[in-house]
1. Considering Leu142, Leu186, Leu118, which residue is hydrophobic (A, V, I, L, M, F, W, C) and either free of Cβ contacts under 8 Å to residues at least 12 places away in the same chain or surrounded by fewer than 16 Cβ atoms within 10 Å (Cβ to Cβ) (or both)?
2. In the stretch 39-86, what residues are crowded, with 19+ Cβ neighbours inside 10 Å, among the hydroxyl-bearing types (Ser, Thr, Tyr) and part of a helix (DSSP H, G or I)?
3. Would you point out which residue out of Val274, Val230, Val244, Val317 is within 16 Å of ligand 2 (Cβ to nearest atom), part of a helix (DSSP H, G or I) and out of contact with any Cys (no Cβ under 9 Å at 6 or more places or on another chain)?
4. Which of the residues that make up the stretch 247-271 are surrounded by fewer than 23 Cβ atoms within 10 Å (Cβ to Cβ) and not in a helix (DSSP H, G or I)?
5. Under 7 Å between Cβ atoms, which residue pairs at least 6 apart in sequence (or on different chains) link something in the stretch 300-322 that is among the basic types (Lys, Arg) with a partner that is in a helix (DSSP H, G or I)?
Amino acid sequence: MDEPTGHGENGSVGRGESMPSRAVETPGSRGSIAASVMRRVGVRPAWVVIGGITLVWAIATAFTGSQTLPRWLRYGPLAVSLAVFGLPHGAVDHLAPARAAGRRPTAASILAVGVLYLVLGSAYGLLWWALPVASAALFVALTWFHWGQGDVYALDAIGASHLDGRGVRVGTLLVRGGLPMLVPLLAHPAEYRVVVGAWVALFGSELDAAWLLSPTVRGTLGGGFALLTVATLLAGRRRSGGRVWYLDAGETALLWGFFLLVPPLFAVGVYFCVWHSLRHIARLIAVDPTARTTFAERGPVPALMRVGRDALPLTAVAVLLLLAIAVAGDVALPGGVVAADVAVGTQTDLRAAAALYLVFISVLTLPHVAIVTWMDWAENAGLARLVDEQ
Ligand SMILES: CC1=C(/C=C/C(C)=C/C=C/C(C)=C/C=O)C(C)(C)CCC1
Ligand SMILES: [Fe+2]
């Protein structure tokens, strides 16, 4: 199908075009549709799911006193993310950068993304073999940045006016990324350690992170992060305490509660699907002229289907690649615990399977973050907006 380009469209925001630094908000423009997509696809469903789970969990634990989830439920969201929103949100990376710049993807632009994935992905894969513990730390740091970057983009898209200063913008990125990456450590250190330990165990290493789990270190980290949260929100309010500021403060409080209360593997899995990925998918709808028109004319579900169609081929390739690695890894990995044991389905084996999936995601995440950072630059969004202000 012939795809219209974003060029010349009302409110198109590609960097190469003569645009002011913010999208023009006329009815039906890319900016106003982007805001509506972000609210209906990125924000509302996330609130319903994360808010609902937090509430149900708080009530259930208060009544039963039990803090544990059945195993199938603990690993459930991660398994779902293989096909729904999670893995697919990155499987449009071959088309998204060109669209973010207001251009139609070409063979050359798709090839460039492929080469980037090959180079950065294999470099990170090798790093896991050479330095597993440092690679694990890098993965958490990278996700911290990337999930923070995604939330800053979403807040901008719905019209935030309190994120214009350098301190508030960088602070918001650090707070939003730290909620899923740091807060689980504060309340659930043992599970955190087991999850990260399983990543490095795939490469025959052991995680010696007792210091990180000590109450003093966690207390200091938690106190510091709580201070950063409050200081960033107050600084934002001083700039502009409009409706989006209230949404920002509400989301921050909700996520603090969610990650403090809900067991980490389940919580991070749910967040990955319905928070981070859906917000990125809302962005994908907004930058694709066809999906944008579909959304404006027929609503969110057909627009989601359009992105799903774009994501399908590379999601399938990624899942097949993961399966191939699992099967080969059973022979090659020092632990030797992956594929055959998954079939048996014991606790350790599910843990190893989840670890393999997360390490696989990490390898895809490095090029994915490069692409999204480039998209931020092309759309004059995220931290790139600060560079422009200099
Ligand atoms: C599961 C889990 C963790 C880390 C998950 C990570 C790092 C996921 C990254 C996913 C990405 C980057 C997806 C793509 O956007 C923690 C917090 C270490 C401990 C608690 C459970
Ligand atoms: Fe992402």
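Nothing in this text is a laboratory measurement; each read-out follows from the coordinates by a stated rule. Since the structure is predicted, the reported quantities are computational estimates derived from the model, not experimental observations. Reconstructed Cβ throughout: ideal geometry from the backbone, glycine too, with neighbour counts over all protein chains shown.
1. Working: Leu142 fails: either free of Cβ contacts under 8 Å to residues at least 12 places away in the same chain or surrounded by fewer than 16 Cβ atoms within 10 Å (Cβ to Cβ) (or both); Leu186 fails: either free of Cβ contacts under 8 Å to residues at least 12 places away in the same chain or surrounded by fewer than 16 Cβ atoms within 10 Å (Cβ to Cβ) (or both).
One residue alone meets the criteria, Leu118.
2. Selection gives Thr54, Tyr75.
3. Details: Val230 fails: within 16 Å of ligand 2 (Cβ to nearest atom); Val244 fails: within 16 Å of ligand 2 (Cβ to nearest atom); Val317 fails: within 16 Å of ligand 2 (Cβ to nearest atom).
None of the other options fit; the residue is Val274.
4. Pro263
5. Close Cβ pairs satisfying both conditions: Arg306/Thr290; Arg306/Ala291; Arg306/Thr294.
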